Amino acid sequence: MTPDDMRRDVRTENLWKIYQQASEEVQAVRDVTLTIQPGEFTALAGPSGSGKTTLLNLIGGLTRPTRGQVRVADHELSKLPNHVLARLRLNQIGFVFQAYNLLPVLTARENAEFPMLLQGVSAEERTRRVDELFARTGMEGLEDRRPGKLSGGQQQRVAVVRAVASKPALVLADEPTANLDSASSDALLDLMDELNRDLGVTFVFATHDERVMERSRRLIRMVDGRIDSDVIRVG
Amino acid sequence: MMIARRKAFQIRVIAVLALRNLRRQVRRTLLTATAIILGAGMLVFSNAIGDGTHEQWIDDGVRTGSGHATIEHPAFRMSRKLEDRLAADVRAVAEAALATPDLADRVTGVSAQLTISGMASSAAGARPAHILAVDPQAEVDFTNLDDQVIEGRYLQSDDRLAAFVGVGLVETLDLRLGSRLVLTAQDTNKEIVGQLVRVVGVFRNGAPPVDNTVVHIPLAIAGEWLGSGDDVSKIAVMVEDSTEVSSLVRRLRQALADPVDAGRVTVLGWREAMPALASLVAVDQFGSYVIFAILFVIIGFGIVNTVLMSVLHRHREFGVLQALGLTPRQTGAVVLLEGLLLTTVSTLVGVGLGTWLTWYFLGDGFDMAVIAGDSLANNMEMGSVVIDPIIIPMFSVARTLQTIGWIMLIGILASIYPALRATRIDIAESMKFDQ
């Protein structure tokens with residue numbers, strides 16, 4: 001991956017995802033064509049079942065499209081074998097999940113360092129980045145705690161640190177505030193906003209949360225797997 | 001440099017995840033580890049006891065019968081007749097071969113014996129007798145009957161008209177120490193001839209066919225009595241343990257190539273000389289292998305259960321690992337390593353336990369009476385061979401390494417399926433699982 005790759009946009013072209021559920025065919029994503037520019041702070045909104053999470057999973061290479069294309073950093077994801085896709089996710093994409101999904105056997109610091117370890121980042125550099133991000137997120141002093149000993153908000157902050165510490169071009173966040181109280185949600189959104197502005201990391205959220213929609217600078221609404229509206233707001 | 005570091009870090013990540021996941025489900029890990037430890041320990045100990053038992057059977061058998069190897073006339077095994085005996089010159093060649101340094105270093109006992117089928121009679125009556133004419137001095141190192149004396153003593157070098165008689169025969173013929181006994185048999189001219197001897201000792205072997213028929217007399221007197229001179233029916237040879245038999249037989253056949261080729265002598269190992277005992281050992285070994293196979297299957301299922309359950313419970317986690325950049329193969333490696341770590345550590349502990357148990361019983365032996373009960377243990381008899389209930393375990397490094405190898409192989413095989421499952425998960429689907 002070259003530095004230029006890091007700056008490339010995310011594009012989907014005529015993207016379809018059809019699931020077979022029992023004998024029924026579910027069209028989760030229908031003919032979505034979309035471009036997300038580097039540095040965007042974009043929210044995918046819509047009711048449950050509108051296809052937000054599936055679209056996010058398609059962009060993140062976590063699932064493969066039935067038809068159409070997804071291009072991230074100029075790589076057509078559906079053509080990549082699993083191990084190359086894993087490498088691309090490692091180097092280009094950070095994930096923040098609704099249920100945090102920290103690894104329970106690792107401490108907060110080890111969770112945050114996990115993608116960097118896989119990338120081969122030196123111990124000093126890992127410590128420097130995590131210390132800095134933990135300081136920014138108010139997680140100082142909690143580095144050695146396991147996820148089970150952290151609150152939901154703290155776990156989500158560790159998940160955000162994990163997602164951005166490896167310096168991805170794109171962070172995909174699926175309902176990141178869904179399990180948080182409003183104070184924790186605001187703090188987390190402030191953090192992601194800051195990281196977006198300071199580091200130029202592209203953020204794409206799937207959300208029902210009005211606060212996330214309000215803070216986004218581009219709001220894409222989805223209904224029944226299709227893009228219903230796509231509004232760029234000046235912020 | 002960067003690639004090497006990345007690889008090293010990735011290996012470290014895989015190892016840390018595997019180790020911590022084993023610690024995470026301590027109870028499940030300990031349960032499986034205990035099963036493997038006990039299984040491995042039992043395998044090592046029961047292998048040692050099994051090998052020790054077989055060695056004991058073989059030892060008891062060869063001491064009662066033909067030795068680990070026997071040198072005899074080719075027709076003697078079938079005919080059991082006096083005429084099918086080793087001539088004195090062939091005996092001399094065989095004994096000279098056994099005295100060469102190459103063979104003498106391996107051999108622990110040699111007994112030249114004349115086997116005679118005849119009758120033993122006293123004033124009380126007559127009974128069939130299996131008369132064994134022996135060199136008393138050589139026979140003491142060979143037979144275990146001298147340890148089973150209940151009255152009197154075993155034969156001595158300077159004995160002439162002496163007989164060492166089984167307790168059954170003594171009772172039937174109403175004999176006591178010093179009693180006169182007439183032995184009758186065909187001589188080399190096929191004439192029926194008698195020999196008067198006196199009872200110098202009585203033994204109780206435990207095997208009725210032995211106690212009721214066997215009479216030991218000095219070889220010298222038998223030669224005079226039957227006109228066989230220094231001829232013998234066979235020369236029985238003992239070595240340290242049964243593993244040396246095939247090489248002993250091969251060397252003896254080489255040393256006696258000329259009389260062997262001339263059809264005047266044959267060399268047999270104990271398996272050929274005592275096929276019933278060989279079959280018994282083989283059947284018992286097969287039984288042990290069946291039990292070992294069952295143990296291996298139990299261990300295998302234990303590992304599969306632990307590792308597979310752990311994989312099924314961590315479906316979502318494997319999805320997260322792969323979302324974060326672990327490749328499917330690396331995810332499988334985490335699972336495989338968990339199984340291997342569990343198997344390796346448990347196997348080594350189990351083998352240590354089994355070795356300690358073996359070592360513990362090495363001195364005084366393992367008393368089978370504990371399992372079989374006193375009455376049964378005191379009468380353990382197979383064929384005409386009485387088996388000592390005290391079994392000395394036989395530790396073998398090769399056997400132990402084999403056991404480790406088998407359990408490790410099972411550990412690897414049992415971990416492959418769960419590892420494959422971990423590699424094949426659908427990341428997006430796995431994320432839908434509730435935490």
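Quick check, is B:Phe9 outside the structural domain of B:Gln254 (by TED's automatic domain parsing), modelled with pLDDT of 90 or more and aromatic (Phe, Trp, Tyr)? Judged against the criteria, B:Phe9 is not a match. Being away from chain A (no Cβ under 14 Å), farther than 30 Å from B:Ala138 by Cβ and open to solvent by 60 Å² or more (accessible area, probe 1.4 Å) is a condition met by no residue of region B:7-26. Restricting to region B:394-406, name every residue that is under 14 Å from B:Gly352 (Cα atoms) and surrounded by 15 or more Cβ atoms within 10 Å (Cβ to Cβ). Across region B:394-406, the qualifying residues are B:Phe395, B:Ser396, B:Arg399, B:Thr400, B:Thr403, B:Ile404.
Counting the residues of region B:174-208 that are open to solvent by 60 Å² or more (accessible area, probe 1.4 Å) and within 39 Å of the chain's Cα centre (by Cα) gives 6. When the strands (runs of 3 or more DSSP E) confined to region A:37-150 are screened for residues that are touching a Ser or Thr at 6+ places or on another chain (Cβ under 7 Å) and either in contact (Cβ under 8 Å) with a residue 24 or more places away in the chain or more than 12 Å from chain B (Cβ to nearest Cβ) (or both), those reaching at least 3 such residues are found at A:41-45, A:67-72. Here A:Ala28 meets each of (1) surrounded by fewer than 19 Cβ atoms within 10 Å (Cβ to Cβ); (2) within 11 Å of chain B (Cβ to nearest Cβ); (3) under 28 Å from A:Arg211 (Cβ atoms) with one exception, condition (1). With respect to the conditions (1) more than 25 Å from B:Met2 (Cα to Cα); (2) open to solvent by less than 50 Å² (accessible area, probe 1.4 Å), A:Leu118 falls short on a single one, namely (1).
Is it the case that some residue within region B:320-343 is over 27 Å from A:Asn111 (Cα atoms) and in a helix (DSSP H, G or I)? Scanning region B:320-343, I find at least one residue that is over 27 Å from A:Asn111 (Cα atoms) and in a helix (DSSP H, G or I), so the answer is yes.
Out of B:Gly118, B:Gly65, B:Gly39, report the one residue that is open to solvent by less than 60 Å² (accessible area, probe 1.4 Å) and either at pLDDT 90 or above or at positive phi (or both). B:Gly118 is the lone residue from the list that is open to solvent by less than 60 Å² (accessible area, probe 1.4 Å) and either at pLDDT 90 or above or at positive phi (or both).
Summed over region B:315-345, the residues that are closer than 12 Å to B:Ala18 by Cα and facing chain A (nearest Cβ under 10 Å) give a count of 2. The residues of region B:64-83 that are touching an Asp or Glu at 6+ places or on another chain (Cβ under 7 Å) and in a loop (DSSP other than H, G, I, E, B), listed by number, are B:His73, B:Ala75. Hey, does region A:164-177 have a residue that's open to solvent by 10 Å² or more (accessible area, probe 1.4 Å), of a type in the set (S, T, N, Q) and within 29 Å of A:Gly49 (Cβ to Cβ)? Within region A:164-177, not a single residue is open to solvent by 10 Å² or more (accessible area, probe 1.4 Å), of a type in the set (S, T, N, Q) and within 29 Å of A:Gly49 (Cβ to Cβ). So how many residues does region A:96-105 have that are open to solvent by 10 Å² or more (accessible area, probe 1.4 Å) and among the hydrophobic types (A, V, I, L, M, F, W, C)? Count: 3.
Yes/no matrix, rows are residues, columns are (1) of a type in the set (A, V, I, L, M, F, W, C); (2) crowded, with 21+ Cβ neighbours inside 10 Å; (3) touching a Lys or Arg at 6+ places or on another chain (Cβ under 6 Å); (4) not assigned by TED's automatic domain parsing to the domain that holds B:Arg250:
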{"site": "B:Asp105", "(1), (2), (3), (4)": "no, no, no, no"}
{"site": "B:Val110", "(1), (2), (3), (4)": "yes, yes, no, no"}
{"site": "B:Asp135", "(1), (2), (3), (4)": "no, no, no, no"}
{"site": "B:Thr172", "(1), (2), (3), (4)": "no, no, yes, no"}
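The values are calculated or read from the model by the stated rules, or taken from the named source; none is laboratory data. As the structure is a prediction and not an experimental result, all values here were calculated from the model. Methodologically, a virtual Cβ is constructed for each residue, glycine included, from the backbone with ideal geometry; neighbour enumeration extends over all protein chains shown. The accessibility values were calculated without ligands, DNA or RNA, using every heavy atom of the protein model including side chains. Shrake-Rupley method; radii C 1.70, N 1.55, O 1.52, S 1.80 Å.
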